[in-house]
Amino acid sequence: MSGRSTFYVTTPIYYVNDVPHIGHAYTTLACDVLARFMRLDGRDVHFLTGTDEHGQKIETAAAAAGLAPQAYADKVSQSFRDLLGTMNYSPDNFIRTTEKRHYAACQALWEKLVAAGDIYLGKYAGWYSVRDETYFAEGETEVGPDKKRRAISTGAEVEWVEEPSYFFKLSAWSERLLALYEKNPRFIGPDSRRNEVMSFVRGGLQDLSVSRTSFSWGVPVPGDPKHIMYVWLDALTNYITECGYPDTGNPNWKYWPADLHMVGKDIIRFHCVFWPAFLMSAGLEPPKRVFAHGWWTIEGQRMSKSLGNGINPAELVNAYGLDPVRYFLLREVPFGNDGDFSRRALIGRLNADLANAYGNLCQRSLSIIAKSCGEQVPPKGAITDADTALLDRARRLLAIVRAELEEQSFHKALTSIWEVIADANRYVDAQAPWALAKTDPVRRDTVMWVLAETIRRVTLLVQPFMPDSTAKILDQLAIPADARTFAAFDRELESGTTLPKPQGVFPRFVEPAAAAD
Ligand code: MSP
C-alpha cells in the first residue's frame with residue numbers, strides 16, 4: 001500500500017436528457033485541473049465523473065425520442081463520454097447509474113436509512129418540477145401570465161403530484177447539519193454559499209419524499225418495488241458506489257470521504273443538506289468539502305436545450321484550439337461567480353495572455369538559445385539581483401498556486417502565474433540579451449539560463465490547465481518525464497543539455513475573414 005494521501009474529487013453526474021454544452025464542460029474541467037494538479041503534487045488521486053440516467057425526466061425524454069429508456073441513456077451517456085476526449089479530461093472512472101453495482105449500493109443505503117428509523121411511508125401531495133427533479137412548497141412557486149405555475153428559483157414548470165411515498169425524516173437533521181457546518185467551516189465553499197445553506201437549514205427542514213410510484217425508470221425500493229427511489233437519492237449515491245459501497249473492504253473505500261464534490265450553484269442544496277443527512281443517517285462520513293461554482297450564460301440567458309443556445313465544446317475547440325478554451329474558461333470569470341460567455345473575450349485572452357505573453361516569452365527565449373547558445377541549455381554564470389528577483393518569484397509560485405487551488409481559486413492561480421510571465425517578459429526587455437551578444441556573451445548566457453529556468457517552473461505549474469501545450473514546451477526544454485512532477489520543481493535546469501528546435505506553441509488567433517485578405 002502506498003502512503004500517499006488520497007484525493008477524491010467528483011463532478012456531478014450529468015443528466016442524459018441533454019447533449020453536453022460548455023456549462024457541463026466547465027464543471028468537469030475544474031475537477032480535471034485539480035486532479036492533474038494533485039497527481040503532479042504526489043497525491044493518490046481518484047477523479048470520478050459520469051451520467052445520471054434515471055427518473056421521470058429521462059423516462060419522458062426517452063419516450064419523446066421514441067427509444068426505450070436504456071437505449072436512450074446509452075446513446076446520450078456516450079456523448080458525455082466523448083466529451084472526455086474532446087476536452088482532454090483525465091477521470092479515473094466514468095460511472096453510470098444504470099450499472100448493477102449502483103443498484104446494489106442504492107438499495108444497501110436505503111436499508112441503512114430504514115434501520116436508522118429515518119424512513120416512513122406516507123403520501124406526498126404537492127408541486128414537483130420534472131426538469132429540476134425537485135419538490136417545491138406552494139410558496140416557492142408562482143403562476144405566470146401564461147397561467148402556468150413555475151418554481152420561482154428556477155423558472156421550471158411544476159405539476160401537482162399526489163401519490164403514496166416514502167419519506168426521509170430530514171426535519172430531524174437540522175441541528176446535526178448545522179453542527180456539521182459549524183465544526184467544518186470548509187464544508188461549503190465559497191462562503192456566500194455557506195451562508196445561503198445555513199440560513200436555509202435554520203429556516204427549518206421538511207421531511208423529504210424519497211420515492212415515487214407514477215413511473216418505473218429507476219432503482220426499486222427494497223421490499224416495495226412499486227416504489228422507485230427518488231432520483232436524487234439514487235444519483236448522490238454514485239459517489240459511494242464508486243468506492244465499493246456497501247463493501248467497505250473494497251480497495252476504493254480508502255477514497256471515502258471525498259475531498260471535494262464540485263457542483264454548480266443550482267444543486268448545492270442536494271449536496272450540502274440532503275446528502276450529508278443521508279450519509280450521517282447511514283453511519284457514514286460526509287464529504288470534506290462541496291464547492292459551488294457559478295453559471296455561464298449566453299447573452300444573459302440560461303443555456304438550455306429548449307432555447308437551443310447551448311455552446312458545443314467541440315465546436316469551440318475546433319475554432320480556437322483545446323488549450324485556449326481550457327485556459328479561458330477558468331481564467332475569465334472568478335470561480336464561484338456567474339459569467340456571460342463571449343467569443344470576443346476568448347479571442348482577446350488567447351491573443352493577449354497566450355500568444356503575446358506566454359507564447360512570446362517561450363518563443364523569443366528559446367529561439368535566442370537555439371541561435372546563439374549552440375542549441376543547449378546555456379551555462380549559468382554569476383547571478384545578479386535582477387536574476388535572483390525573477391528566480392525567487394518563480395520559485396515561490398508552487399506554494400502560491402497550491403494555496404489558491406486548495407480554495408478552488410483557479411482564476412487567482414492563473415493570475416499569479418501570469419504575473420511571473422509578465423515579470424519575465426519585462427526582464428527580457430531590460431536585459432536585452434540580443435545586445436549582450438556582442439558586448440558580454442557570458443552574461444547573455446546567464447540571462448538565457450534564468451529565462452529558461454523561469455519558463456520551466458512556470459510551465460510545470462501550467463500543466464494541469466493546458467496539458468498538451470505545456471508538454472510541448474517542456475519537450476523543447478528537454479525536461480524528462482520524471483522531472484515534470486512537483487517533486488522535481490526545485491531541480492534546476494542543467495547547463496549543457498541539448499535542446500530540440502523550438503516551435504511556437506500558441507499562435508495568434510486571426511479571424512478567418514481577416515486571414516483570407
Ligand atoms: N444530474 C444532476 C446532478 C446529480 S449529482 C449527484 C444534474 N445534472 S445536470 O446535467 O443538469 O447538471 C450538471 C452540472 O452542470 C451542474 O453542476 C450544473 O450546475 C452544471 N451546469 C449546467 N449548466 C450550466 C451552465 N450554464 N453553466 C455552468 N454550469 C452549468 O444537475
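The values are calculated or read from the model by the stated rules, or taken from the named source; none is laboratory data. This one's a predicted model, so the numbers in the text were calculated from it and none came from an experiment. Cβ sites come from the backbone with ideal geometry, for glycine too, and all protein chains shown count toward neighbours. Each accessible area value is taken on the protein alone, full model and side chains, heavy atoms only, with ligands, DNA and RNA left out. Shrake-Rupley method; radii C 1.70, N 1.55, O 1.52, S 1.80 Å.
Could you please report the charge total around V377, scoring K, R as +1 and D, E as -1 over all other residues with beta-carbon less than 11 angstrom from its beta-carbon?
Numbers: positive: K380, R456; negative: E375, D445, E453, E492, E494.
Net charge around V377: -3.
With r as the distance between the Cβ atoms of W295 and A478 and R0 = 41 Å, compute the FRET efficiency 1/(1 + (r/R0)^6) and round to 0.05. Before the final figure, lay out the partial values.
On the way: r = 43 Å, r/R0 = 1.05.
After rounding to 0.05, the efficiency reads 0.45.
For N312 and E492, FRET efficiency with R0 = 51 Å and r from the beta-carbon atoms, rounded to 0.05?
On the way: r = 44 Å, r/R0 = 0.85.
Step by step, r from the Cβ atoms, then E = 0.70.
Which of the helices in the chain meet the span-like rule: DSSP H, Cα axial reach of 24 Å or more, Kyte-Doolittle mean at least 1.6? It would help to have the intermediate numbers written out before the result.
Values: long enough: 22-40 (26 Å, 0.73); 69-86 (26 Å, -0.54); 385-406 (32 Å, 0.02); 410-431 (32 Å, -0.07); 441-462 (31 Å, 0.50).
Result, helices passing both filters: zero.
Let's test this: bin the Cα-Cα distances of region 466-517 at 5 Å from zero up to the farthest pair and state each bin's percent.
Bin by bin from 0 Å, the calculated values are 4, 15, 21, 19, 14, 9, 6, 5, 6, 2.
Would you mind pulling out the separation of the Cα centroids of region 19-75 and region 417-432, in Å?
Taking the Cα centre of each part, region 19-75 and region 417-432 sit 40 Å apart.
When only C-alpha pairs under 8 Å and at least 6 residues apart count, what is the relative contact order of the chain, in percent? Mind dumping the intermediate values first?
Numbers: 823 pairs, mean separation 78.0, N = 517.
Here the relative contact order equals 15 percent.
Out of residues 5 or more away from G339 or on other chains, whose amide H comes under 5 Å of its own, with H placed 1.01 Å from N in the peptide plane?
Here the answer is W295, W296, T297, since their amide H atoms fall under 5 Å of that of G339.
Positive end of the charge dipole of region 114-231 (Lys, Arg +1 and Asp, Glu -1 on Cβ, about the Cα centre): tell me which of I228, V197, N184 has its Cα farthest that way.
N184
Could you work out the relative contact order of region 6-294? I mean the mean sequence separation of Cα pairs under 8 Å and 6+ apart, divided by the number of residues, in percent.
Details: 506 pairs, mean separation 60.9, N = 289.
That works out to 21 percent.
With every protein chain present, what accessible area does E142 have (1.4 Å probe, heavy atoms only), rounded to the nearest 10 Å²?
100 Å²
Measuring from label point to label point, each 7 Å out along Cα→Cβ, what is the A513 to R176 span in nm?
With each label point 7 Å from Cα toward Cβ, the separation is 6.2 nm.
Restricting to bridges with both residues inside region 6-294, how much of the DSSP beta-bridge set is antiparallel, in percent to the nearest 5?
Values: 23 of 42 bridges.
Among the beta bridges of region 6-294, antiparallel pairing accounts for roughly 55 percent.
If you take every DSSP beta bridge whose two residues both sit in the chain, what share of them, in percent to the nearest 5, is antiparallel? The partial results should precede the final answer.
On the way: 26 of 49 bridges.
Roughly 55 percent of the DSSP beta bridges within the chain come out antiparallel.
Step through the table entries K265/K288; K75/K305; K412/K472; K123/K148; K57/K148; K380/K438, compare each Cα-Cα distance with 21 Å, and write down the pairs that go over it. Each step should come with its number before you reach the end.
Numbers: K265/K288 18 Å; K75/K305 16 Å; K412/K472 24 Å; K123/K148 25 Å; K57/K148 19 Å; K380/K438 18 Å.
The pairs that break the limit, which is 21 Å between Cα atoms, are K412/K472; K123/K148.
Could you give the C-alpha radius of gyration of region 25-147 expressed as a fraction of 2.2 N^0.38 Å, taking N as the number of residues it contains?
Working: Rg = 19.1 Å, N = 123, 2.2 N^0.38 = 13.7 Å.
Relative to the rule-of-thumb radius for its length, region 25-147 sits at 1.39.
Whenever you get a sec, compute what percent of the accessible area on the chain sits on carbon and sulfur atoms (1.4 Å probe). Mind showing how you got there, number by number?
Values: 11160 of 21320 Å².
For the chain, the apolar C and S fraction of the accessible surface comes to 52 percent.
Hey, got a sec? Which chymotrypsin sites (Phe, Trp or Tyr not before Pro) in region 1-46 land in a DSSP loop and have at most 14 other Cβ atoms within 10 Å? Write out the running numbers ahead of the final one.
Working: sites: F7, Y8, Y14, Y15, Y26, F37; in loops: none.
Counting only loop positions with at most 14 other Cβ atoms within 10 Å, none of the chymotrypsin sites (Phe, Trp or Tyr not before Pro) in region 1-46 qualifies.
Based only on Cα atoms, what mean projected area does the convex hull of the chain have, in nm²? Walk me through the numbers before you get to the answer.
Values: hull surface 111.9 nm².
In nm², the orientation-averaged hull projection of the chain is 28.0.
With every protein chain kept in the model, how would you rank E111, E133 by accessible area, 1.4 Å probe, largest at the top?
Values: E111 105, E133 0 Å².
My answer, sorted largest first, is E111, E133.
So what is the relative contact order for region 343-488, in percent, with contacts set as C-alpha pairs under 8 Å and at least six apart? Each step should come with its number before you reach the end.
Details: 110 pairs, mean separation 44.0, N = 146.
RCO, region 343-488: 30 percent.
On alpha carbon coordinates alone, what is the Rg over Rh value for region 265-317, Rh being the Kirkwood radius? Working shown, then result.
Numbers: Rg = 16.5 Å, Rh = 13.9 Å.
With Rh from the inverse mean 1/r over Cα pairs, Rg/Rh is 1.19.
What full-extension length gain, to one decimal in nm, is calculated for I383 and F94 as 0.36 nm per residue of separation minus the Cα-Cα distance? Present the calculation step by step, with values, prior to reporting the outcome.
Working: separation 289, 0.36 × 289 = 104.04 nm, distance 5.00 nm.
Computed gain between I383 and F94 is 99.0 nm.
Could you give the length gained on full extension between Y120 and D74, defined as 0.36 nm per residue of separation minus the Cα-Cα distance, in nm? The partial results should precede the final answer.
On the way: separation 46, 0.36 × 46 = 16.56 nm, distance 3.39 nm.
Between Y120 and D74, full extension yields an extra 13.2 nm.
Pop the C-beta distance of R186 and T154 into the FRET formula with R0 = 35 Å and round what comes out to the nearest 0.05. Can you show the working numbers first?
Numbers: r = 28 Å, r/R0 = 0.79.
It comes to 0.80.
Return the whole-Å distance between the Cα centroid of region 196-228 and the Cα centroid of region 447-475.
When both Cα centres are located, 50 Å separates them.
Would you kindly state how much longer the chain becomes between R443 and D429 on full extension, computed as 0.36 nm times their sequence separation minus their alpha carbon distance, in nm to one decimal? Spell out each step's value before the answer.
On the way: separation 14, 0.36 × 14 = 5.04 nm, distance 1.46 nm.
That works out to 3.6 nm of additional length.
What are the trypsin sites (Lys or Arg not before Pro) within region 139-168 that DSSP puts in a loop, where the Cβ has at most 14 other Cβ atoms within 10 Å?
Values: sites: K147, K148, R149, R150; in loops: K147, K148.
Loop-located and lightly packed - K147, K148.
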